[in-house]
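Every read-out reported here was derived from the displayed coordinates using simple, explicitly stated rules and does not represent laboratory data. In this text the structure is predicted, and so the values were computed from the model without any measurement. Every residue, glycine among them, receives a Cβ derived from its backbone with ideal geometry; neighbour counts consider all protein chains shown.
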Amino acid sequence: MLDVDFAALHRWGGLLQSSRVPAVPTFPLPGAAGAALAGWTHSVQDALAALDADLDRFATAVSACAANYEEVA
Amino acid sequence: MIWAAAADAWQDLASRLEAQVAWLDRIDRGLADSWKGEAGEAARSTLADLRARTAALRLPATRTASLLRRHASAVSWAVVSPALAALSDKRTAADITSLAIPSARPASVRAWWSSLSGAERDRFAATAPERIGRLDGIPAVDRDRANRLVLQRSHGPGVEVLKARLTDGVYLLGLDTSGDGKAIVAFGDPDRSTNVLTFVPGMHSALDSSLSASLDRTAAMAVAASQADPSATTSAVLWLGYDAPDDLWEAAQAKYAHSARADLHTFQEGLAVTHDGEIGEQSVVGYSYGALVVGETARDAGIRADDLVFLGSAGVGVGSAADLDVDPATVWAASAGNDAVGLAAPSVKQLLREQIWPRYLGEPMPDLWHGHNPADPGFGGQVFAAADRANPIDAHLSYWDTGNPALENVGRIAVGQDRSVTRP
């Protein structure tokens, strides 16, 4: 007997799929500080993009598991 | 105006990341209720990793906003003082370049290590002990086993000290013999002790004969915690996981602390994820330059701790306890009245005006090399008692002497007996 509420799992999976991580603000700014900020912005953008992709994969997996559980049940 | 707008946008990003973390917490609670069993546990472990990676970005975003705001203020004076704006441009560029995204790996490492069979773990520890031994998220006993393999084939004065001190109940959680060397040593199993105290030493600390003194101090704090609460176990960990300054010239620079932030952050996270259940009281004690390491980590990367304790500090990188991103009531500091570190004035002029001129070695100064003295009541933390000594150097070295109230107070803080802490 599975101890899984697959209706709730569908709901969480859907919520996760509809979410997006926040975007990084981009500002072309002058001077050495502006250049440093551009480089740093790029690093944070990369980290957030990777996080977004992994969150998306996780959401897909949760939804797929919910569907599998439903089928088995 | 544009710099101020950029600052606001980064602050907004930090707020949205915080909201995202809260939302992931809600999802976690939902999954815990609706998905039992092994698969559900695995899903929550993945979610914990995603949460940690989101949370790791919040403080760097807050710090970026703070740096941009400071620069915006300097730029607004550019018409009156172009030199000030140029100086700020250079300083802001250096500060932004030093920012890093803290690793959120310990939770993933823990999940990976748990998924291995005993034989697989043995094989990893035997074939790659250097890597396993330093990996935050791997349990203390396994790290210790791997690091002892590395220790056996290493040489040098610090290595000999370690070999002599690694008795039963002492765990080697990190070893790096390159450069000045690094070592992380726990007195008591941090994964099974009720409380965990991490000690970050200061200038002159290295994997050499000086290691003995750092180990003695760490052991003394473990004993003090045990005396404060004999019913609980407290593991005290020496975290010499950074390249500490070798002299005063280097100690006046923050770059050694900058380099340590990400590693200290990750180490503290690792302690939490490998602990058997919740840690009772998790504290971090920063001494001398080590206090700056702790302060900058708390400010820029976040530090998992219930209490931050600063001893003999020349500033912790902020103007007040509230800037450390922790509850100021959990920030503790002590400095002997005649500690030599009180002479670490940002300028000769200040030193003459506030120390030498009024009297020979006056009261501790509020502003030091690396910010406001955390042991000054104006810092906004909690100040506790420490004994004076005959001369300023002895005063700086004596916080762990038997009978010094500073040591007893650190023991009380480490076990959560905040009300028993004595004040100056």
Give the order of B:His155, B:His204 when sorted by the count of other beta carbons within 10 angstrom, beginning with the fewest.
B:His155, B:His204
Return the long-range amide H neighbours of B:Val316 (sequence gap of 5 or more, or a different chain), with a cut-off of under 5 Å between placed amide H atoms.
B:His372
Sorted from largest down, give the three principal axis spans of the alpha carbons of chain B, whole angstrom values.
67, 54, 43
Whole-Hz ³J(HN,Hα) for each residue in region B:198-212, computed from phi via Karplus 6.51 cos²θ - 1.76 cosθ + 1.60 with θ = phi - 60°, x for glycine and proline: what do you get?
10, 10, 10, x, x, 3, 6, 7, 6, 7, 8, 5, 5, 4, 4
May I ask for the longest run of chain B untouched by chymotrypsin sites (Phe, Trp or Tyr not before Pro) that are loop-located per DSSP and have at most 16 neighbouring C-beta atoms (other than their own) within 10 Å?
B:78-359
Project the alpha carbons of the protein assembly as shown onto their principal axes and report the range along each, largest first, in whole Å.
83, 65, 45
Pull up the DSSP beta bridges for chain B and report the antiparallel fraction as a percent, rounded to 5.
40
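Any idea what % of Cα-Cα pairs in region B:82-231 are farther than 26 Å? Mind dumping the intermediate values first?
Working: 4432 of 11175 pairs.
Percent of Cα pairs beyond 26 Å in region B:82-231: 40.
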Give me, ordered by chain and number, the residues 5 or more places off B:Ala236 or on other chains with an amide H under 5 Å from its own placed amide H.
B:Phe187, B:Leu197
Per principal axis, largest first, the Cα atoms of region B:110-195 extend in Å by 38, 32, 20
Ratio of region B:217-283's C-alpha Rg to 2.2 N^0.38 Å, to two decimals?
1.39
Taking θ as phi - 60°, what are the ³J(HN,Hα) couplings along region A:22-30 by the Karplus curve (6.51, -1.76, 1.60), each to the nearest whole Hz, with x for Gly and Pro?
x, 8, 8, x, 10, 9, x, 10, x
Considering only C-alpha atoms, what is the centroid distance from region B:17-90 to region B:162-209, in Å?
31
Charge sum, other residues only, whose C-beta stays under 11 Å from B:Arg299's C-beta, Lys/Arg counted +1 and Asp/Glu -1
-2
Where the convex hull is taken over the Cα atoms of chain A, what is its projected area averaged over directions, in nm²?
5.5
Which far-off residues, 5 or more places away or on another chain, put their amide H under 5 Å from the one on B:Asp306, with H placed in the peptide plane?
B:Gln282, B:Ser283
Can you give the calculated 222 nm mean residue ellipticity of chain B, where each DSSP H run of n ≥ 4 adds -39,500 (n - 2.57) and the sum is split over every residue, rounded to the nearest 500 deg cm²/dmol?
-16000 deg cm²/dmol
Which residue, B:Glu250, B:Glu281, B:Glu296, has the most motion in a Gaussian network model of chain B that connects Cα atoms within less than 10 Å?
B:Glu250
For region B:187-342, what's the radius of gyration and Dmax over Cα atoms, in angstrom?
14.7, 45
Report the local net charge at B:Trp400: Lys and Arg +1, Asp and Glu -1, summed over other residues whose C-beta lies under 14 Å from its C-beta.
-3
How charged is the neighbourhood of A:Gly31? Take every other residue with its Cβ under 13 Å from the Cβ of A:Gly31, and add Lys/Arg as +1 and Asp/Glu as -1.
+1
Mean-square fluctuation check for chain B, GNM, Cα pairs under 10 Å: which of B:Val341, B:Val161, B:Val284 is largest?
B:Val161
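Over all directions, average the projected area of the Cα convex hull of region B:159-255 and note it in nm². Don't jump to the answer; show the numbers that get you there.
Numbers: hull surface 26.5 nm².
That works out to 6.6 nm².
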